[in-house]
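Enquirer: Submitted below is the structure of interest, expressed as structure tokens.
Values in this text are rule-based calculations from the coordinates and carry no lab data. No experiment lies behind these values; they were computed from the predicted model shown. Backbone-built Cβ (ideal geometry, glycine too); neighbour counts: all protein chains shown.
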Amino acid sequence: MKTVISQNKKITAAFIGDSITYGYPYGPEYSWVGLLQKNMHCNLEAINLGINGDSLMDMHRRFIRDVLRHKPTFVHILGGSNDAWLNNDPVHSQKAVDEMVGQCRDAGIKPVIGLTTPLCHNPSGGSSFIPFGAEEMMLWLDQFREWLKYYTSSKSIPLIDYYTALCLPGTGRGNPVYFYDECHLNHRGNKVMAQLTGRKLKEIINSIN
């Protein structure tokens, strides 16, 4: 089913994710989703459905209850960090993404996927969230991002590359100026994500109008 948006129609975007989407440690009002809501110059309702600690399987389990009831125009899916922390089987994480995309398309909703954010070794916030296992997490996430790139390309799904924007160039590690701790963003990092998402959503809206 094709999504069609009129110029004057209210656009509802649901953002399902983990603590990165929720806005830890500041809360949803100061998250990148909250900033997007404030700064998008169109009739956008951005619904923050991030839950701290969620894996992609957790998101899939609550997808119908939390997402579809809002009847959104777009669903933005961002996750993987907790899957890496828990060392979940990547096949299960990939299947969860694919199932959520299928549920979107069955309901006539446009899926959008975010490329999982990087880990940072020396965050400017000085806080510590990952006491051990960071290198193993990075390897898991690197492989998962490659799969996301392949998957979104093969399925013609918009992909927003947060990873590159938040990395120190050429390092594969998060830029400390954007991070509160090894995993979570500070206010500056949230602003970067909001700007990237806003630009991408405008492109998508313009392409289907």
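Enquirer: If the elastic network links every pair of Cα atoms under 10 Å, which of L119, L159, L168 fluctuates the most in the Gaussian network model of the chain?
Expert: Of L119, L159, L168, the Gaussian network model singles out L168 as fluctuating most.
Enquirer: To the nearest 20 debye, what is the magnitude of the charge dipole of the chain about its Cα centre, counting +1 on the Cβ of each Lys and Arg and -1 on the Cβ of each Asp and Glu? Show your work: numbers first, answer last.
Expert: Values: 21 positive and 19 negative charges, 223 e Å.
Charge dipole of the chain: 1080 debye, to the nearest 20.
Enquirer: Measure nothing fancy, just the Cα-based angle from helix 187-208's long axis to the longest principal axis of the chain, in degrees from 0 to 90, nearest 10.
Expert: Its long axis makes an angle of about 30 degrees.
Enquirer: Looking only at chymotrypsin sites (Phe, Trp or Tyr not before Pro) in DSSP loops with at most 16 other Cβ atoms within 10 Å, what is the longest site-free stretch of the chain? Display every interim value, and only then the final one.
Expert: On the way: sites that count: Y26, F132.
Of all site-free stretches, the longest is 27-131.
Enquirer: Once every DSSP H run of n ≥ 4 in the chain is given -39500 (n - 2.57) and the sum is divided by its residues, what mean residue ellipticity at 222 nm do you get, rounded to the nearest 500 deg cm²/dmol?
Expert: So the calculated ellipticity at 222 nm is -13000 deg cm²/dmol.
Enquirer: Among the trypsin sites (Lys or Arg not before Pro) in segment 27-88, which ones are in a DSSP loop with at most 16 other Cβ atoms within 10 Å of the Cβ? Mind listing them?
Expert: R62
Enquirer: While we're looking at this one, here's another question. How far, in nm, would the chain grow between H92 and D106 when pulled straight, counting 0.36 nm per residue and subtracting the alpha carbon separation?
Expert: Values: separation 14, 0.36 × 14 = 5.04 nm, distance 2.09 nm.
Full-extension gain reported as 3.0 nm.
Enquirer: Here's a follow-up. Give me a comma-separated list of calculated 3J(HN,Hα) values for segment 28-34, in order, Karplus coefficients 6.51, -1.76, 1.60 applied at θ = phi - 60°, integers in Hz, x for any Gly or Pro.
Expert: x, 4, 9, 6, 5, 5, x
Enquirer: Here's a follow-up. Give me the mean projected area, in nm² to one decimal, of the convex hull enclosing the Cα positions of segment 117-209. Provide the component values of the computation, followed by the final result.
Expert: On the way: hull surface 25.9 nm².
Averaged projected area of segment 117-209's Cα convex hull equals 6.5 nm².
Enquirer: Oh, and also: Only bridges whose two residues both fall in segment 11-208 count here: according to DSSP, what percent of them are antiparallel, nearest 5? It would help to have the intermediate numbers written out before the result.
Expert: Details: 2 of 19 bridges.
Taking every DSSP beta bridge within segment 11-208, about 10 percent pair in antiparallel fashion.
Enquirer: Among L168, G133, S31, whose Cα projects farthest towards the positive end of the dipole of segment 11-208, with charges put on the beta-carbon of Lys, Arg (+1) and Asp, Glu (-1)?
Expert: S31
Enquirer: Given N residues in the chain, what is Rg(Cα) / (2.2 N^0.38 Å)?
Expert: On the way: Rg = 16.1 Å, N = 209, 2.2 N^0.38 = 16.8 Å.
So the chain has a normalised radius of gyration of 0.96.
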